[in-house]
Each structure stands twice: as C-alpha cells, then as structure tokens.
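The values are calculated or read from the model by the stated rules, or taken from the named source; none is laboratory data. If you're wondering where the values come from, they're calculated on a predicted model, not measured in any experiment. A quick note on method: Cβ atoms are made from the backbone with ideal geometry, for glycine too, and the neighbour counts reach across all protein chains shown. Ligands, DNA and RNA are stripped out before the accessible areas are found, and what is left, the full protein with its side chains, is counted by its heavy atoms. Shrake-Rupley method; radii C 1.70, N 1.55, O 1.52, S 1.80 Å.
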Amino acid sequence: MKHALVFGGSGQIGRPLLAGLLRGGWRVTAVSRQPQHDRPGLNWLHGDFAAMPALPARADAIVSCGPLDAFAHWYGTAMLDCDRVVAFGSTSVVVKRGSADARERDVAQRLRAGEEGVFAAATQRGAQATLLRPTLVYGAGRDATLTRIATLAQRWGRFPLPRNAIGLRQPVHVDDLAAAAVAALESTASHGQTYALPGGEALAYREMVRRVLAALEPSPALVELPSPLFNLALAAAKLAGGTGLGEAAVQRMRSDLVFDAAPAHRDLGYAPRAFRPTARMFDAREENEDEA
C-alpha cells in the first residue's frame with residue numbers, strides 16, 4: 001500500500017484530499033496543529049513546521065496543502081526519503097507580483113521563493129515535484145474571499161460593489177483541487193511542472209458576487225455604486241471592523257485574472273466544475289458537522 005505524508009490535511013483543500021487518497025487506496029499520515037481523530041488508513045500527528053512531530057522515515061509521496069513558504073523551508077532540510085512531492089501555491093504569485101500594495105508584493109515574492117525552493121530541494125534529492133496554483137478557492141467556508149463576501153453580505157443585508165466590476169474571475173471548488181493533487185501523484189507528465197488550476201467558468205466579478213448572494217437565504221441585495229460613493233462605503237466599513245478588501249484588491253475588480261487550464265487538463269485530466277454556489281459552501285460549520 002502506498003504511503004502519503006500530508007501537510008495541511010485539516011484545511012479546506014486538505015479534507016477532500018485525504019478523502020481522495022483513502023479512496024485511492026493510499027495509507028496516509030497527516031500533520032495538524034489541532035488534535036484530530038485517526039480512522040482506518042489515516043494516522044494524525046500533532047505539530048507544525050515550527051514544532052514538527054516524529055515523522056515516518058520514508059513515504060511514497062508528500063503533499064502540502066498549507067503555506068508554501070513554510071513547507072519549502074522545511075522540505076529544504078528535512079531528512080525524509082521520498083521520491084514524489086506535490087505542493088499547493090497560488091496564482092497570487094502572478095496576480096500580486098506588481099501590486100501597489102507592498103504586503104501583496106511580499107505574498108507574491110514568498111510564493112515565488114517557495115516554488116523555487118521546492119523545485120531546488122527536489123532536484124538535489126533526485127525527487128520529482130509538481131506545483132499547483134489555484135485561483136479563487138471556495139467550497140468549504142474557509143476561504144478569505146468569497147466566504148468573506150457572503151459573511152459581510154449577511155451581516156449588512158446587502159453588498160456594495162463599485163460600478164464596472166467586470167474583471168473576469170475563475171472560482172475553483174476545493175474538491176476539484178483535491179482531485180488534481182491526487183491525479184498529479186500518478187502523472188509522470190507532471191514531474192517538474194507548475195499548473196494553474198482555475199475553475200471551470202470565467203465570469204465577471206459582479207456576476208460572481210451576484211451568484212454568491214443569490215445562494216444565501218435570505219438573499220442580500222447587490223448594490224453597485226459610483227467609485228466615489230463606494231470608496232466612502234469602504235472607508236466606513238473599515239472603521240466598523242474591516243472588510244478584508246484593500247485598495248489594490250478593489251482596483252483588480254476591473255481587471256481580468258484568467259488562467260489557462262489546458263495544461264492541467266492534458267496532464268492531470270483536470271475538469272473543474274462551473275461556479276454554482278450553495279449557501280453550504282460558505283458555512284464552515286457545515287464542514288465541522290460533517291466531521292463530527
């Protein structure tokens with residue numbers, strides 16, 4: 001039986017990944033900062049990259065669903081025999097590279113350094129690495145964008161957007177990302193490759209938000225405002241506790257952020273779903289209840 005070591009297994013991508021590995025006949029050791037319950041085929045270890053528990057001496061594959069920079073730092077010095085590595089990064093490595101926000105540029109730089117570190121360490125060990133870059137992740141109620149929009153809209157009873165928020169987006173479901181990672185483990189064509197993993201549909205930002213709001217009950221109103229009024233509303237919201245939206249993120253609402261899924265489809269059989277959200281996808285409590 002093949003053995004996988006998984007980091008970030010309790011996260012939004014990690015949960016469906018573990019399920020996919022177990023269905024595929026893998027034995028899994030997963031690391032989590034919070035205590036978890038073992039089940040047949042799955043053994044949990046308590047720790048993180050700063051306080052790593054005792055790990056198996058060998059694994060057939062390592063999969064990282066957590067912060068790429070932390071994983072790359074650990075992997076660069078880890079004493080573990082493993083020939084295959086699959087790690088998640090983000091398309092933010094491209095999107096935020098030239099951002100006006102210094103914090104966003106730092107995110108892009110750390111992602112880039114993480115990717116380079118994973119590939120360099122894998123080459124040094126004679127291992128094969130694959131990097132996966134999702135777009136806007138959703139589906140588990142734990143993402144920082146669409147779930148944040150749903151939460152604020154429910155709190156306010158409406159959600160404001162600037163007019164002409166028509167930049168294209170490709171939200172991607174966590175289950176499709178997990179399936180891509182499992183497929184990558186079996187794909188020799190993916191060795192040494194980096195893949196964008198967009199969702200199955202490109203739609204305007206305001207249409208994406210409209211579908212999120214329509215999935216909620218009751219459905220909050222989408223309010224499109226002229227830029228000066230939206231900026232005032234955004235400033236008021238920040239004073240009231242924040243929105244998670246910075247000026248650079250607002251500026252990107254009018255820009256297309258579209259990535260090509262063809263290489264992932266060719267090498268991984270990647271076929272992500274269209275964006276058809278339900279309220280459950282933005283409620284982390286649903287996931288927790290399923291795990292109970």
- Failed criterion for ALA102 (all others in (1) closer than 27 Å to ASP260 by Cβ; (2) without any contact (Cβ under 8 Å) to a residue 60 or more places away in the chain hold): (1)
- Message: Looking at (1) surrounded by fewer than 14 Cβ atoms within 10 Å (Cβ to Cβ); (2) in contact with a strand residue (DSSP E or B) (Cβ under 7 Å, 6 or more places away or on another chain); (3) at negative phi, which one does GLY192 not meet, given that it meets all the others?
- Response: (3)
- Item | Residue match in segment 9-25 (condition: assigned to a strand (DSSP E or B) and either within 21 Å of VAL118 (Cβ to Cβ) or in contact (Cβ under 8 Å) with a residue 40 or more places away in the chain (or both)) | no
- Could we say that ALA249 is in contact with a Pro (Cβ under 7 Å, 6 or more places away or on another chain), in a helix (DSSP H, G or I) and modelled with pLDDT under 85 here? no
- Task: Report yes if ARG84 is more than 24 Å from the chain's Cα centre (by Cα) and either within 30 Å of PRO171 (Cα to Cα) or at pLDDT 95 or above (or both), otherwise no.
- Result: no
- Message: Being small (Gly, Ala, Ser), surrounded by 16 or more Cβ atoms within 10 Å (Cβ to Cβ) and either in a strand (DSSP E or B) or in contact with a His (Cβ under 7 Å, 6 or more places away or on another chain) (or both) is the requirement here; does ALA30 meet it?
- Response: yes
- Query: Looking at segment 175-189, which of its residues are open to solvent by 10 Å² or more (accessible area, probe 1.4 Å) and outside any loop (DSSP other than H, G, I, E, B)?
  - Reply: ASP175, ASP176, ALA179, VAL182, ALA183, LEU185, GLU186, THR188, ALA189
- Task: Starting from residues that are of a type in the set (S, T, N, Q) and at pLDDT 95 or above, keep the ones in segment 97-132 and report whichever is farthest from ALA184 (Cα to Cα).
- Result: GLN109
- Query: If the Cβ limit is 9 Å and pairs must be 6+ apart or interchain, which residue in segment 32-60 that is among the acidic types (Asp, Glu) pairs with which residue that is open to solvent by less than 90 Å² (accessible area, probe 1.4 Å) and in a strand (DSSP E or B)?
  - Reply: ASP38/TRP44; ASP48/PHE7; ASP48/VAL31; ASP48/SER32; ASP60/HIS3; ASP60/ALA4; ASP60/LEU5; ASP60/ARG84
- Query: Among the residues of segment 195-229, which ones are out of contact with any helix residue (DSSP H, G or I) (no Cβ under 6 Å at 6 or more places or on another chain), part of a strand (DSSP E or B) and among the aliphatic types (A, V, I, L, M)?
  - Reply: ALA196, LEU203, ALA204, ALA221, VAL223, LEU225
- Check segment 163-174 and report whether any residue there is at pLDDT 95 or above, open to solvent by 20 Å² or more (accessible area, probe 1.4 Å), farther than 30 Å from ALA87 by Cα and not in a strand (DSSP E or B). yes
- So LEU222, is it at pLDDT 80 or above and closer than 23 Å to THR135 by Cβ: yes
- Task: Answer yes or no: is there a residue in segment 202-218 that is touching a residue at least 40 places away in the same chain (Cβ under 8 Å), farther than 26 Å from PHE88 by Cβ and open to solvent by less than 20 Å² (accessible area, probe 1.4 Å).
- Result: yes
- Query: So which of ALA181, ALA165 ends up being touching a residue at least 24 places away in the same chain (Cβ under 8 Å) and farther than 23 Å from GLN251 by Cβ?
  - Reply: ALA181
